[in-house]
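First comes the structure, then the notes that go with it.
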Amino acid sequence: MCGIVGAVSQRNVVPMLIEGLRRLEYRGYDSCGIAVHRTGKPRRARCTARVNSLARTISDIHLEGSLGIAHTRWATHGAPATMNAHPIFSRDLIAIVHNGIIENHESLKAMLVEQGYEFQTETDTEVIAHLVHSFYDGDLLSAVMRSTHMFRGTYAIAAFSNSEPGRMVGAREGSPLVAGIGETETFLASDALALAGYTNRFVFLEDGDVVDLKPGQVTVWDRDRRSVERPNRLIEQSLEDTSLGSFSHYMQKEIFEQPLAITNTLANVASLGSSIFEDADRSTFENVDKVLLLGCGTSHHAGLVARQWFESVARVPAQAEIASEFRYREQCHDPRTLVVPVSQSGETADTLAALKYAQAMGLDNTLAIGNVANSAMMRAARSRFQTRAGVEIGVASSKAFTTQLVALFLLAATLGRVRGTLSSQQETSYLQQLHKLPVACRAVLAKEPQVIAWANEISTRESAFYLGRGVHFPIAMEGALKLKEIAYIHAEAYAAGELKHGPLALVTPDTPAVVSAPNDALLDKLKSNMQEVRARGGQLFVITDNGAGIPSGSGTRTLETGAHFGLLSPILHVLPMQLLAYHSGCARHTDIDKPRNLAKSVTVE
Ligand code: G6P
């Protein structure tokens, strides 16, 4: 989703802005642009192609400047067209980049048109540019402050005025924005990652903040326009190896990185307890009557799996909620609820809002599970656990999901330990099982050739069912989501026992059903459900365990993941589903790492 980078310096900032945009590409975008201050009027370059192509244009036209802002846009208001790409100018004086949605843009636009402003784009952002211009009297900071009071919605903004050469102003409400401080230059970005190598000193802005940046100097004002000291955080960011190596796509690379990501997530976990979780103590776990898991997309599926672990391992009632639904529903909540937002990015607008909604209801025992340190969610929660998946570039989440599951299992087991529902023998056995996961994952990933053969068949179909029961039903949901995202094949997940209540009517020889069939207590029930599909000519693609007694035969193909892995089995069963979506996408020549219409980091509602 939209990414912002800005810099004010005494040297040419364009190479740094381009590098920053490259590092934000993973968020997903459909156009990009850059603008720099120039004597006379600002200059810009924009395009609907990739950042590399923008970089070529910039070098062709010799765009340079010591003050500049840049943007990757993921269209919300207005088509992905060059004219709608940011930076957006107002009367060649004010330049703006924006991430978020100004909900009252229509009424603001009507007011600005009356004042004589002409709109050249279909974006909501253009009202920001003109509004700032309308308040501008030589002081950009006060113009931005006056403007932000009139916005409803979400925004992260970086702006400059062409008549103030050494100054950039930013503002944030709901969308991420971080200021970076160098010796003689300052920066703004949607993600600290964009500034790696340029500074390691950051100020994470809070909602309502406005920030004034001059070379080497950052001043922050809060919502009430009082000057505030926000903590400076030193963050050493290693520029991770983001090369593809021998892989064809980031998604494939990230699928195969899962054993390492799990190993890293489990590093330093020798026993269960509050010390595994940053800023947690016994009280985080002792006074808990209920667990509330909040998330979107794949992270919500992790919550759905974990819900069952909290109930079976910790014996605590648990609820997994889609964040975008939760945030708008009236709730009756137990004050002794542990709220667990789950998010790869830690910036997903709906999950962040759901967390804040829960906090506003007085639920202050919050523990975030996220993959990005210092993200808004990790900062907003009282305690946290960082998964160590490393940077995930593919839009469709893979290694973040399995490490979220590991983190959630640690949380459920810790809760069980503190509450006394888990014996020390069980603790030892769960920990041993967790530490065996990477090897077990490797064995499943080695079955890629078999999955490719499945993908060759499934990729020719227009729709598929995914079936599972119990803790494997959310895995079926995740498998179906992956096939939709990556292969653009309609896929629907069903709790296998529910098939006969409607969807069975759609089963024909052309409808494959991918089944997660672990060798557990529900296996016999699941076998009956599979028979219901076979009896209607449906083709079965079954992910199962050794000894489950599901032979490959006519109309049924099986892939064995190894011995049944107990409660952690969902982590193994999802791997062939990720590979199936990936290879089906390859067979259909889709844009695997940047699927159409999707974004990695969804910072708007
Ligand atoms: C987007 C991504 C999904 C992800 C979801 C939640 O839709 O494409 O892969 O699951 O956001 O993201 P989060 O960062 O909160 O886990």
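Within the range 516-538, restricting attention to residues that are at pLDDT below 95 and crowded, with 20+ Cβ neighbours inside 10 Å, the residue that is nearest to GLY468 (Cα to Cα) is LEU526.
Set side by side, the residues ALA158, ALA79 differ, and just one is closer than 24 Å to GLU185 by Cα and of a type in the set (A, V, I, L, M, F, W, C), which is ALA158.
Filter the range 107-118 down to residues that are assigned to a loop (DSSP other than H, G, I, E, B) and among the polar types (S, T, N, Q), then give me how many there are.
So the answer is 1.
For the range 300-315, check the following and say yes or no: at least one residue is more than 15 Å from LEU411 (Cα to Cα), under 23 Å from the mean Cα position of the chain (by Cα) and either part of a loop (DSSP other than H, G, I, E, B) or modelled with pLDDT of 95 or more (or both). Yes: one or more hits. If you check ILE94, ILE101, ILE128 for being more than 28 Å from GLY166 (Cβ to Cβ) and surrounded by 18 or more Cβ atoms within 10 Å (Cβ to Cβ), only one passes: ILE101. Residues of the range 389-420 that are within 15 Å of the ligand (Cβ to nearest atom), in a helix (DSSP H, G or I) and among the small types (Gly, Ala, Ser): ALA400, ALA407. Quick one: would you say THR199 is in contact with a Gly (Cβ under 9 Å, 6 or more places away or on another chain), of a type in the set (Ser, Thr, Tyr) and at pLDDT 95 or above? Against the criterion (in contact with a Gly (Cβ under 9 Å, 6 or more places away or on another chain), of a type in the set (Ser, Thr, Tyr) and at pLDDT 95 or above), THR199 does not qualify.
Across the range 327-337, a minimum of one residue is classified as under 28 Å from VAL178 (Cβ atoms), buried (at least 18 other Cβ atoms within 10 Å of the Cβ) and either within 19 Å of the chain's Cα centre (by Cα) or outside the structural domain of LEU272 (by TED's automatic domain parsing) (or both).
Note on the range 112-124: residues that are in contact (Cβ under 8 Å) with a residue 40 or more places away in the chain and either outside the structural domain of ILE102 (by TED's automatic domain parsing) or touching a His at 6+ places or on another chain (Cβ under 7 Å) (or both) amount to 3.
Here's a check for you: in the range 347-388, which residue that is assigned to a loop (DSSP other than H, G, I, E, B) and under 18 Å from LEU410 (Cβ atoms) is farthest from the ligand (Cβ to nearest atom)?
ASN365
Check ALA349, ALA354 and return the single one that is surrounded by 15 or more Cβ atoms within 10 Å (Cβ to Cβ) and modelled with pLDDT of 95 or more.
ALA354
Scanning the range 160-174 for any residue that is in contact with a Leu (Cβ under 9 Å, 6 or more places away or on another chain), assigned to a helix (DSSP H, G or I) and under 24 Å from ASP350 (Cβ atoms) turns up nothing. Just so you know, in the range 285-299 the residues that are over 17 Å from THR603 (Cβ atoms) and assigned to a helix (DSSP H, G or I) include one that is modelled with the lowest pLDDT, and it is GLU286.
Could you say whether any residue in the range 352-364 is in contact (Cβ under 8 Å) with a residue 40 or more places away in the chain, in the same structural domain as LEU304 (by TED's automatic domain parsing) and not hydrophobic (A, V, I, L, M, F, W, C)? No, because not a single residue in the range 352-364 is in contact (Cβ under 8 Å) with a residue 40 or more places away in the chain, in the same structural domain as LEU304 (by TED's automatic domain parsing) and not hydrophobic (A, V, I, L, M, F, W, C). Residues that are modelled with pLDDT of 95 or more and assigned to a helix (DSSP H, G or I) were ranked within the range 206-252; the one that is farthest from LYS356 (Cα to Cα) is GLN252. Within the range 489-502, not a single residue is out of contact with any Asp or Glu (no Cβ under 8 Å at 6 or more places or on another chain), touching a residue at least 40 places away in the same chain (Cβ under 8 Å) and surrounded by fewer than 24 Cβ atoms within 10 Å (Cβ to Cβ). Tell me whether the range 135-156 contains one or more residues that are surrounded by 15 or more Cβ atoms within 10 Å (Cβ to Cβ), assigned to a strand (DSSP E or B), assigned by TED's automatic domain parsing to the domain that holds ASN232 and in contact (Cβ under 8 Å) with a residue 60 or more places away in the chain. The answer is yes; a qualifying residue exists. All of ARG11, ARG23, ARG43 fail the test of being over 29 Å from SER345 (Cα atoms), in contact (Cβ under 8 Å) with a residue 40 or more places away in the chain and out of contact with any Pro (no Cβ under 9 Å at 6 or more places or on another chain), apart from ARG11.
Examine the range 490-509 for a residue that is of a type outside the set (Gly, Ala, Ser) and touching a Pro at 6+ places or on another chain (Cβ under 8 Å), and state whether such a residue exists. Yes: one or more hits. The criterion of being more than 15 Å from the ligand (Cβ to nearest atom) and at negative phi holds for CYS332.
For the range 571-605, a residue qualifies if it is more than 16 Å from the ligand (Cβ to nearest atom) and in contact (Cβ under 8 Å) with a residue 12 or more places away in the chain, and the qualifying residues are ILE571, LEU572, HIS573, LEU575, PRO576, LEU579, LEU580, HIS583, SER584, CYS586, ALA587, ARG588. The residue that is farthest from the ligand (Cβ to nearest atom), counting only those in the range 421-442 that are within 23 Å of HIS564 (Cα to Cα) and among the β-branched types (Val, Ile, Thr), is THR428.
In the range 270-289, which residues are closer than 11 Å to ARG419 by Cβ and of a type in the set (Phe, Trp, Tyr)?
Hit for the range 270-289 is PHE285, nothing else.
Taken together, ALA81, ALA75, ALA35 contain a single residue that is modelled with pLDDT of 95 or more, in the same structural domain as LEU140 (by TED's automatic domain parsing) and surrounded by 14 or more Cβ atoms within 10 Å (Cβ to Cβ), which is ALA35.
Residue-by-condition table, conditions (1) of a type outside the set (Ser, Thr, Tyr); (2) exposed (fewer than 12 other Cβ atoms within 10 Å of the Cβ); (3) assigned by TED's automatic domain parsing to the domain that holds GLU485:
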residue: LEU244; (1), (2), (3): yes, no, no
residue: GLU257; (1), (2), (3): yes, no, no
residue: LEU260; (1), (2), (3): yes, no, no
residue: THR263; (1), (2), (3): no, no, no
residue: VAL269; (1), (2), (3): yes, no, no
residue: ASP289; (1), (2), (3): yes, yes, no
residue: GLY295; (1), (2), (3): yes, no, no
residue: HIS301; (1), (2), (3): yes, no, no
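The values are calculated or read from the model by the stated rules, or taken from the named source; none is laboratory data. Quick caveat: nothing in here was measured; it's all calculated off a predicted structure. Cβ atoms come from the backbone with ideal geometry, glycine included; neighbour counts cover every protein chain shown.
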